[in-house]
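The block underneath contains the structure these notes are about, expressed in structure tokens.
The values are calculated or read from the model by the stated rules, or taken from the named source; none is laboratory data. Here the structure is a predicted model, which is why all the values come from computation and not from measurement. Positions of Cβ are generated from backbone atoms using ideal geometry, with glycine treated the same way; all protein chains shown enter the neighbour counts. Remember, those area values only see protein heavy atoms, side chains included, never the ligands or the DNA or RNA. Shrake-Rupley method; radii C 1.70, N 1.55, O 1.52, S 1.80 Å.
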Amino acid sequence: VAWPDLQGAAGMELLALAIGAGLACFALVDVWYLLRMPLTLLYARCLLPTVWDLLEEQSFHGLVLPSDLDFLLHMNNARYLREADFARVVHMTRCGLYRAVRALGGHTVLAASCCRYRRSLRFLERFEVRTCLLGWDERAFYLEHRFVSSRDGFVCAVLLVRQHVVGATPDKAVSHLCRRKVQSPELPEEVKHWLKYNEASSQRLRAESNLQKSNKEQ
């Protein structure tokens, strides 16, 4: 007696459901980012040597992949910020700042960034993200990411980042890590201008918010 191929049909149905669920997951969730970030953190923590100098520049290598491209076949604007995320995680893990902030019961969040694009990174072009800690104040660390072409050493983009510390302070984190009081280097002039812009923007938005609140109360 020949049995109907129910098992085969059920298997194909399960396979179709699995493929559909996988496609839906990739469409709705940034799966590669969620996979790559913890792997990058583990790589920095377990395989890369510790960097003892907080101000030492660190390099993070990258390659422009098809998923990074826009219609002009160069790396799209958003990918620079994404690659800087990975480079910053590696940098702050290797020098111990993440560990120090967590030891004090805090965490860090990205509060502001500013990117200047100088030349496109093309398909399959190799590059380095050179990251350095510029300094800190009572609320945040300030870092610079330089996207450098491995082909000719040209700086293709420069990204400034303000990384806020929540639940602790940068001063306390640095003191905890170095076991002594350490003064921040003076921030570069362009960073000071950028911070003035951020403050002016905040004041304008707060004024607009207060005006809208007053209008609603009237």
If we keep only residues of segment 51-85 that are polar (S, T, N, Q) and assigned to a helix (DSSP H, G or I), then the residue farthest from ARG130 (Cα to Cα) is SER67
Counted residues in segment 145-165 being touching a residue at least 60 places away in the same chain (Cβ under 8 Å) and in contact with a Ser or Thr (Cβ under 7 Å, 6 or more places away or on another chain) come to 5
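Which residue out of TYR80, TYR117, TYR142, TYR98 is in contact (Cβ under 8 Å) with a residue 60 or more places away in the chain and closer than 27 Å to GLU186 by Cα?
Numbers: TYR117 fails: in contact (Cβ under 8 Å) with a residue 60 or more places away in the chain; TYR142 fails: in contact (Cβ under 8 Å) with a residue 60 or more places away in the chain; TYR98 fails: in contact (Cβ under 8 Å) with a residue 60 or more places away in the chain.
After applying the criteria, what remains is TYR80.
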Going through segment 85-102 in order, the residues found to be among the aliphatic types (A, V, I, L, M) and either touching a Ser or Thr at 6+ places or on another chain (Cβ under 7 Å) or surrounded by fewer than 19 Cβ atoms within 10 Å (Cβ to Cβ) (or both) are ALA87, VAL89, VAL90, VAL101
Apart from one, (1) over 19 Å from ALA157 (Cα atoms); (2) not in a loop (DSSP other than H, G, I, E, B) all hold for GLY105; the odd one out is (2)
Over segment 34-50, the set of residues in contact (Cβ under 8 Å) with a residue 40 or more places away in the chain and either outside any helix (DSSP H, G or I) or open to solvent by 60 Å² or more (accessible area, probe 1.4 Å) (or both) is ARG36, TYR43, ARG45, LEU48, PRO49, THR50
Reported set for segment 71-84 where residues are out of contact with any Ser or Thr (no Cβ under 9 Å at 6 or more places or on another chain) and either within 22 Å of LEU110 (Cα to Cα) or open to solvent by less than 50 Å² (accessible area, probe 1.4 Å) (or both) is ASN76, ASN77, ALA78, TYR80, ARG82, GLU83
Is there a residue in segment 161-174 that is open to solvent by 80 Å² or more (accessible area, probe 1.4 Å), out of contact with any His (no Cβ under 6 Å at 6 or more places or on another chain) and either modelled with pLDDT of 95 or more or of a type in the set (S, T, N, Q) (or both)? yes
